[in-house]
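Since the structure comes first, as C-alpha cells, the remarks are kept for the end.
Bear in mind these aren't lab numbers, they're just calculated from the coordinates by the rules spelled out. All figures in this text were calculated on a predicted structure; none of them were measured in a lab. Every residue, glycine among them, receives a Cβ derived from its backbone with ideal geometry; neighbour counts consider all protein chains shown.
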Amino acid sequence: MIALTKAVHIAALAVWCAGLLALPVILQAYGRRPETRTQAGFAEFRLLAHRAYIALITPAAVIAVAAGTALIFMEGLRDAWLMAKLAAVAGMVLIHAWLGHLIGKSGEGAGRYRLPSPLPALGALIVLMAAVLWLVLAKPDLAPLAEHLPDWLRQPLGRELDPALVPI
C-alpha cells in the first residue's frame, strides 16, 4: 500500500510541478500577445489558462498533498527534514494560489487587466522545487539548525485551544 501511495504522490507531484512551471510561461508569453487584445484571442487565452489551472494543475496539487499526507501517517515520519519540506511545499501552494488569482483577474478584465510579471514566481518555484527534491533525497540531519530556533517553536507551551476553534 505504501508503494502505491508513493507512486500516486510522485505522479501527481510531477504533474503539479510541471503545471506550476508552465503557468507563469503561459501568462507571460501567451497572455501578453497582441492577439489577446481581440475577443477571439482573449477567449483562447482564457480557456487555456483557466482549464489548465482548474482541470489539471489544481487536482494534481490536491492529490499530491493528500497522498503525501497519507505517507506521513503511514510511515510515521516526524523528522526535521520533513518539516522543512512541508515549509517548501507550503511556499509552492502559496504561489499556486497567487497564479490562480492572476488567472481569475485576467478573466474578469476581458483583456484590460494588466498582469504583473509572473516570472519572479517561476524563479521562486524552481528554488522551492529544488529544495523539496534535495530534502527528500538527502534527508539531511537538520536537528542542529533546530537548536537555533526560539524556545516557543521547539517545545509545547501547554496551552489549551480556544473552544471556539475546536470543531467538535
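Here are a few things to note about the model shown:
- The range 143-168 and the range 76-111: distance between their alpha carbon centers, rounded to Å: 24
- Gaussian network model of the chain, Cα within-10 Å springs - most flexible of GLU44, GLU75, GLU108: GLU75
- Folded to 0 to 90 degrees: helix 39-51 orientation relative to the chain principal axis, Cα: 20
- Estimated from the Cβ-Cβ distance and a Förster radius of 30 angstrom, the FRET efficiency linking THR38 and SER117 is about 0.85.
- The lysines within cross-link reach of LYS139, meaning a Cα-to-Cα straight distance under 17 Å and a gap of 8 or more places when in the same chain, are LYS6, LYS85.
- Taking each residue as 0.36 nm, the span from ALA11 to ILE126 lengthens on full extension beyond its C-alpha to C-alpha distance by 39.6 nm.
- Per-residue HN-Hα couplings for the range 154-166 [Karplus 6.51, -1.76, 1.60; θ = phi - 60°; Hz; x = Gly/Pro]: 9, 9, x, 9, x, 9, 8, 6, 4, x, 5, 8, 8
- Placing R0 at 41 angstrom, the Cβ-Cβ distance between LEU77 and ALA52 gives a FRET efficiency of 0.80 after rounding to 0.05.
- Proximal charge balance of ALA52 [Cβ under 15 Å; K/R count +1, D/E count -1]: +1
- Crossing angle, helix 80-108 versus the chain [Cα axis fit, 0-90 degrees, rounded to tens]: 20
- Which label in (1) 52; (2) 40; (3) 33 gives the computed percent of Cα pairs over 23 Å apart: (1)
- Only Cα pairs under 8 Å and 6+ residues apart enter the sum, and on that basis the relative contact order of the range 21-168 stands at 33 percent.
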